[in-house]
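The values are calculated or read from the model by the stated rules, or taken from the named source; none is laboratory data. Please read all numbers here as calculations on a predicted model, not as lab measurements. Cβ placement follows ideal geometry from the backbone for every residue including glycine, while neighbour counts extend to all protein chains displayed. With ligands, DNA and RNA removed, areas are computed over all heavy atoms of the protein, side chains included. Shrake-Rupley method; radii C 1.70, N 1.55, O 1.52, S 1.80 Å.
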Amino acid sequence: MKILVVGGGGREHAIIMKLSESPKVEKLYCAPGNGGISRYAECFNVSATDIPGMVELAKKLAVNMVVVAPDDPLVLGMVDAMNEAGFMTFGPNKAAAVIEGSKVFSKNLMKKYNIPTAGYETFTDSESAIAYLKQQNSYPAVIKADGLALGKGVIIAANEEEAVEAVKSMIDGKQFGESSSTVVIEEFLTGPEISVLSFTDGNVVVPMISSMDHKRALDGDKGLNTGGMGTIAPNPFYTKEVAKECMENIFIPTMKAMNSEGRKFKGCLYFGLMATPKGVKVIEYNCRFGDPETQVVLPLLNTDLYDIFEAVYNEKLADIDIKWKNECCSCVVMASGGYPQSYPKGIEMNGMDDKGQVDGVFVYHAGTKYENGKFYTNGGRVIGVTATGDTLQTALDKSYAAVKSISFDGAHYRTDIGKRALSVK
C-alpha cells in the first residue's frame with residue numbers, strides 16, 4: 001500500500017511512524033510534511049488546505065489511501081474531494097467535520113440530544129454578549145470563537161474587564177477572522193481534564209487510551225493557552241467507572257446524534273472532557289487526532305493502524321480487536337522562544353541524530369525543517385520528546401533526560417508535565 005498523509009506537524013509524524021510499522025504499507029508520502037517527517041516519508045510542498053493540489057498529488061503518486069489529519073482541510077471538505085476522486089480516505093467528510101468546525105453546531109447538538117456539557121449562549125454582536133456577561137456575573141467565564149483558531153480560540157476570563165475585552169477583540173476586532181464573528185459564552189467547569197480519542201465508523205465507537213494534555217504555556221498551568229505543551233497517557237482520572245459513564249452518556253449518544261442529523265462520522269472523533277463534581281461533561285469535540293495527544297496514544301497501540309483505517313473506511317470497525325500496550329507514555333514539547341505569540345524561525349537545533357532522534361526516546365517533529373544535514377526550527381511548537389515506560393515516572397524521566405540533551409536558542413518547555421497525574425493515588 002502507498003499512503004499519503006496530509007499535514008505537517010507532530011500528530012502527522014506520529015501517524016506516519018505507526019503506519020510504517022505495518023507490513024502492508026510499502027511507501028509513505030506526506031504533504032507538506034516537515035524536517036523530521038522527511039527522514040521517514042517522501043514530502044511534497046503542497047499546502048494542507050490546497051484541496052485541488054492535494055487531489056492532483058494523490059493521483060500523480062497513485063496512492064491507495066489518503067489520511068487527512070488536520071482540522072482545516074477536513075472542515076473544508078478534502079475527504080469529500082478525495083472520495084469523489086476514488087481514493088480510500090481516512091477522516092470525516094465536510095458534513096461531519098462541522099462538529100469541530102462550529103462550536104455553535106456542537107453545543108446545539110449536545111443540547112438537543114442531552115449530552116452533558118457546560119451551560120452556554122451564543123452571540124454575534126458584542127453588545128448582547130456583554131449584557132449577558134453582566135447579567136450572569138459569574139467568573140471565571142469561558143469565551144470561545146465559533147470557528148477554527150489553531151487551538152487558541154478560547155479565553156478564560158477571570159473577571160468582567162477581561163471578559164468584555166475578549167468579546168470585543170473576538171467579535172469587533174475579528175481576532176480570529178471570521179472564526180470569531182460568532183462567540184459562545186460558557187459556564188466555567190472545574191475538575192480534571194481528560195482527552196479521549198476514538199475510532200468510529202458511524203456504527204461503533206472504539207475509544208483509544210486516554211490522555212492528559214497541558215494547554216498552558218508555563219509551569220503550574222500559568223500563561224497563555226497553546227496548542228498543547230505536553231501530554232501523558234493513560235490519564236489516571238479516566239477510571240473504569242468514568243469510562244463506562246462516558247461510553248453510555250457521551251460517546252455512543254454523540255455517534256447516534258450525528259447519524260440522526262445525517263452527518264455520519266467516520267474517522268477519529270476526539271472528546272475533550274472534564275470530570276466535574278456533577279459528572280463528566282464535554283468541553284469540546286475535535287474531528288481528528290489531537291495534537292499532542294496522538295504522540296502519546298499511538299506509541300501504545302499494538303494493532304496495525306492501516307487495518308484500523310481501512311476498517312473505518314469500509315464501516316467494518318466491529319470486526320477488529322484493537323489492542324494496547326500495558327505501558328505509560330509521555331511527551332514534552334520544546335517550543336520556540338515567544339510561543340504562543342510571535343517567535344523566530346530558522347534557528348539551528350543541536351543534540352539529535354540524522355533522523356532527528358535521541359537514544360532511548362522518539363522525537364516527533366512539529367515545526368522543523370531539514371537542510372544540508374541539519375535541523376532548524378520552523379514553527380512555534382518545534383518537537384515533542386516522547387518516551388514509554390512501565391510507569392509514568394519512568395517515561396517522564398526518559399523524556400526530560402532527552403530534552404536536556406537537545407538545544408536551540410530560545411527553547412522553552414514545561415518542567416511539570418505529568419505532575420498532576422503522578423499525584424493521583
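Would you please give the residues with an amide H less than 5 Å from that of M88, counting only those at least 5 places away or on a separate chain, with H modeled from the backbone geometry?
Amide H to amide H, under 5 Å and 5 or more residues apart or across chains, M88 pairs with V66.
Hey, got the Cα dimensions of the chain along the principal axes, in Å, largest first?
Here the spans come out as 59, 46, 44 Å, largest first.
At q = 0.23 Å⁻¹, what is the log10 ratio I(q)/I(0) for region 1-133, with the Debye formula run over Cα points and no solvent?
Log-scaled intensity ratios, in q order: -1.30.
For region 242-350, what is the largest minus smallest coordinate of the Cα atoms on each principal axis, given in angstrom and ordered from greatest to least?
That gives 49, 37, 32 Å along the principal axes, largest extent first.
Quantify how much of the Cα-Cα distance distribution of region 65-142 extends past 16 Å, in percent.
Cα-Cα pairs in region 65-142 separated by more than 16 Å: 63 percent.
Are there GluC sites (Glu not before Pro) in region 95-152 that DSSP marks as loop and that have at most 13 other Cβ atoms within 10 Å, and which are they?
Sparse-neighbourhood loop GluC sites (Glu not before Pro): none present.
As an exercise, take the mean of 1/r over every pair of distinct alpha carbons in region 136-180, invert it, and state the Kirkwood radius in angstroms.
10.5 Å
Where only protein heavy atoms count, and the probe is 1.4 Å, what is the accessible area per residue for the chain in Å²?
Normalised by residue count, the accessible surface of the chain is 40 Å².
Could you grab the Rg to Rh ratio for region 107-201? Cα atoms only, Kirkwood for Rh.
Taking Rh as the inverse mean 1/r over Cα pairs, Rg/Rh reads 0.99.
Under 28 Å between C-alpha atoms is the cut-off here; go through region 223-320 and count lysine pairs that meet it, provided they're at least eight residues apart or on different chains.
21
Based on the mean of other Cβ atoms within 10 Å per residue, sort peptides 349-356, 316-323 so the most packed one is first.
Output ranking for 349-356, 316-323: 349-356, 316-323.
Please tell me the relative contact order of region 90-206 in percent, rounded to the nearest whole number, where contacts are Cα pairs under 8 Å and at least six residues apart.
With pairs under 8 Å counted, the relative contact order is 28 percent.
Across 10 Å bins from 0, what is the distribution of all Cα-Cα pair distances for region 151-259, in whole percents?
For region 151-259, the binned pair fractions read 12, 31, 33, 22, 2 percent.
Given a cut-off of under 8 Å on Cα pairs at least six residues apart, what relative contact order in percent is computed for the chain?
17 percent
Can you pick out the pairs among K27/K374; K111/K419; K168/K222 whose Cα atoms lie more than 30 Å from each other?
Too far apart for the 30 Å limit: K111/K419.
Can you compute 3J(HN,Hα) from phi for each residue in region 373-386, using the Karplus curve 6.51 cos²θ - 1.76 cosθ + 1.60 with θ = phi - 60°, rounded to whole Hz and x for Gly and Pro?
Taking θ as phi minus 60°, the curve returns x, 10, 9, 10, 5, 8, x, x, 8, 8, 9, x, 8, 10 Hz for region 373-386.
Pop out the ³J(HN,Hα) list for region 360-367 in order, Karplus 6.51 cos²θ - 1.76 cosθ + 1.60 with θ = phi - 60°, rounded to Hz; leave Gly and Pro as x.
Residue by residue, region 360-367 yields x, 9, 10, 9, 8, 8, 10, x Hz.
Carbon and sulfur together cover what percent of the accessible area of region 15-82 at a 1.4 Å probe radius?
Ligands and nucleic acids excluded, carbon and sulfur give 49 percent.
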